[in-house]
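Notes to accompany the following structure.
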Amino acid sequence: MKFQWLFFSLLILCHCCLPTHAAQAIQLPEGALDYRQLIKIKDLPKCEIAALPAMVDGVDGPPVMLWENQGALEINLPLPSVGKFEIEIYHLSGGRYPALKYSAYDKILAVSANVKETTQIQITRFTTPLWPGQTLPLQISTTDSKSPIGLLAVIIRIAEFLPLSANHWQYGQVDQSVDQLINQYAVDQKAILDMPVICRQSSNASTSRVTADTEHSLLATTYLYHDHAFTGYSFRLKSNVAAELWINGEKVIDLPKSDRTATGAIPWNKLQRGVNRMCVLLPQSQPASDDTWFELLVSDLEHTHIFSQIPEQLDPRRIKMDWPRLTLSKGDVRAVLPLPDSDKGFYRAARFEWAGQMTELRVGKNTIFVPFHDDHQPLGVDHAAGPAEEFFEPIGYEDALPGESFIKLGVGLLRKPVENKYFFGSAYLPDTFLDWQTQASQDRVRYMQTLKDHQGYAYRYVKELILTNQPNGLIIEHQLTNTGTKRIVSNHYSHNFIRLNDTDIDKRYQIDFNFTPIAVNNVRSRLSLKGKRAIPLGKGTIFTPMYGFSKTSDSQLILSLIPDNLKLTITLDQPMIRFWLFASNRTLCPEMFTHIDLAPGQTKRWVRRYEVSNSESIDQPSDMNLQYDR
């Protein structure tokens, strides 16, 4: 991971040694992470929890986390959001406790003062540059690998909040209470995006304050676009009256009338991927006096996307069931394919290829593919259908700075947020969705997408879907050509949203492999693995990588629906670099990955085949106690 862009300089670095007078008591600041929180951090090296007076004479205080003969350790400190952080560390220094060096991502953040007297408590403070959220992998080391390390606590604070311009808000005032406004406009409800009808005023861009009269309650609304992976947002709310900040139905800040400022954060799992409604409410103020006002400050204003109105292409409410589609047929085989369309398309998100998805593949009376969700959302990252395909790893992501574009093959140019690494499930803000050229006949369709140039990367990608008889099924042919000056490396797969004959996923299904699969994750309570066969047990979601394959002939499996004697054989003409299995009650998804590594001028071709057949009987295990409800 490249973080050179983060480390411009340390903004603050100071040391403080607390005097150790007799009967002194050390009080930690509110919000400090002491041993009770730090000991729960994943992968933390084992330590002793010792009484502070045992190491510092005459001083009472919180217990000390003590690592003897450790010399170095790493603590994955939790961060609430993207931002600049002031970090304060209480640790032992002096005596046998040497100076400590603090680092992250191979960069030195601070070195504590070298105290040679008797052991005492030292506080080391430093401020980071703009930092991704999630966790900070803080490495602590001593000059001597045999030296002990003693920590009392870590304090993490947002170091900087920047004001949001007032012209981001639409607001209005009415003679109602705050509670009435919350109920009337569903401020406390999740996934509500409608702009309240009273919010028709806007403010001047030259100020950050939204001002109102005191005789009416105020409701102000704007929209936050959530594009980070597992990262929340931190805010500071200022007002001369009581005020509340709500985001996606969550009260993030409740500012009392007696205070002028308060801070709060909303975690990633309380947000929708993509657009979230954000509201501030101010109550009527009696008796009427000066104007009321508020301003909202953000921990990372530059890279937090806030819109006064939802941009049309990002509005998830634009669900049009008349999405353009194409019907192919050949004999008993029929397929319905949504056509790529940035305005009315079935799928308009930034993960899967828009071309080649299928809402239906039918062979005679048998159905094979379905949409992953029955409550379809075109902007939902995983609201895809059928053999939805994806180039899993993006191109140029490591080289892009936050706010710059990277390439998602088969999709377009997406904007990089401030984050540790790419995550396929994030709702990345699109810069450009690349067009698809489509040519269709009765039983086949050919798609082509071209990227002319982006930072030296360029490609031409062609995929053709062909219905077949004898055997009945589908062939998908791919051809990717590197037309740029830089190497293209990724891995391609089909998610395969399979649901045979509209049957829920349970032990009526089985998968037969050409190799003996070994699951990486512990899924024994949900998946039976015996020899070369896997059977989902219908007891919850399954996800696990699998290994055991070694040759091209292993890139084939047979998925069977036992009561219907129905078989689906999936074959990839390439050796697999990766195999994943996902299943829910709605769909079963075997995922075979093809490795892509193309120097400039090189072309790769690969083919995926689906063959549907009915057998008079299917070999099934005798010990699974199979009972069917049809």
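The values are calculated or read from the model by the stated rules, or taken from the named source; none is laboratory data. Note that the structure is predicted; figures quoted are calculated from it, not measured. A quick note on method: Cβ atoms are made from the backbone with ideal geometry, for glycine too, and the neighbour counts reach across all protein chains shown. Surface accessibility is based on the protein's heavy atoms, side chains included, excluding ligands, DNA and RNA. Shrake-Rupley method; radii C 1.70, N 1.55, O 1.52, S 1.80 Å.
With viscosity 1.567 mPa s and temperature 4 °C, the Kirkwood radius over alpha carbon pairs of the stretch 193-237 converts through Stokes-Einstein to a diffusion coefficient of 95 µm²/s. How much of the accessible area of the chain, in percent, comes from carbon and sulfur atoms when a 1.4 Å probe is used? Answer for the chain: carbon and sulfur cover 46 percent of the accessible area. Straight-line reach from K532: taking Cα to Cα under 28 Å and skipping same-chain neighbours fewer than 8 places apart, the lysines in range are K507, K551, K567. With all protein chains kept in place, the per residue accessible area of the stretch 36-111 amounts to 45 square angstrom at a probe of 1.4 angstrom. In straight-distance terms, cross-link reach from K146 covers every one of the lysines whose alpha-carbon lies under 28 Å from its own, apart from those fewer than eight places away in the same chain; here that gives K40, K42, K46, K101, K107, K116.
Extension gain for I577 to T516 (0.36 nm times residue separation, less C-alpha to C-alpha distance): 20.4 nm. In this structure, Q442 and Y105 have a Cβ-Cβ separation that, at R0 = 45 Å, corresponds to a calculated FRET efficiency of about 0.20. With the highest mean first, a sort of the peptides 405-415, 49-59 on other beta-carbon atoms found within 10 angstrom per residue produces 405-415, 49-59.
Take the convex hull of the alpha carbons in the chain; its mean projected area over all directions comes to 35.0 nm². Straight-line reach from K604: taking Cα to Cα under 15 Å and skipping same-chain neighbours fewer than 8 places apart, the aspartates and glutamates in range are E464, E477, D573.
How far apart, in nm, are the 7 Å Cα→Cβ label points at E74 and D322? Each label point is offset 7 Å from its Cα along the Cβ direction, giving 5.6 nm. Only Lys, Arg, Asp and Glu carry charge here, each on its Cβ (+1 for the first two, -1 for the last two); on that basis the chain has a dipole of about 1620 debye about its Cα centre. Whole-Hz Karplus values for the stretch 125-132 come out as 10, 8, 10, 8, x, 4, 10, x Hz, taken residue by residue from phi with 6.51 cos²θ - 1.76 cosθ + 1.60 and θ = phi - 60°; glycine and proline positions read x.
Surface exposure of the stretch 422-548, expressed per residue as accessible area with a 1.4 Å probe, stands at 43 Å². Restricting things to alpha carbons, find the Rg to Rh ratio for the stretch 286-360 using the Kirkwood radius for Rh. Checking Rg against Rh, the ratio lands at 1.33. Legend: distances between Cα atoms for K84/K416; K408/K452; K344/K416; K84/K257; pairs beyond 23 Å are K344/K416; K84/K257. Taking amide H as placed 1.01 Å from N in the peptide plane, the amide H of V59 sits under 5 Å from none that are at least 5 places away or on another chain.
Distance between the 7 Å Cα→Cβ label points at D188 and A54: 4.8 nm. Pairwise Cα separations in the stretch 326-379 fall into 5 Å bins from 0 onward with the following percentages, short to long: 4, 19, 26, 24, 14, 9, 3. The phi-based Karplus calculation (6.51 cos²θ - 1.76 cosθ + 1.60; θ = phi - 60°) puts the 3J(HN,Hα) values of the stretch 475-486 at 10, 10, 9, 10, 8, 10, 10, 7, 9, x, 10, 10 Hz, whole numbers, x for Gly and Pro.
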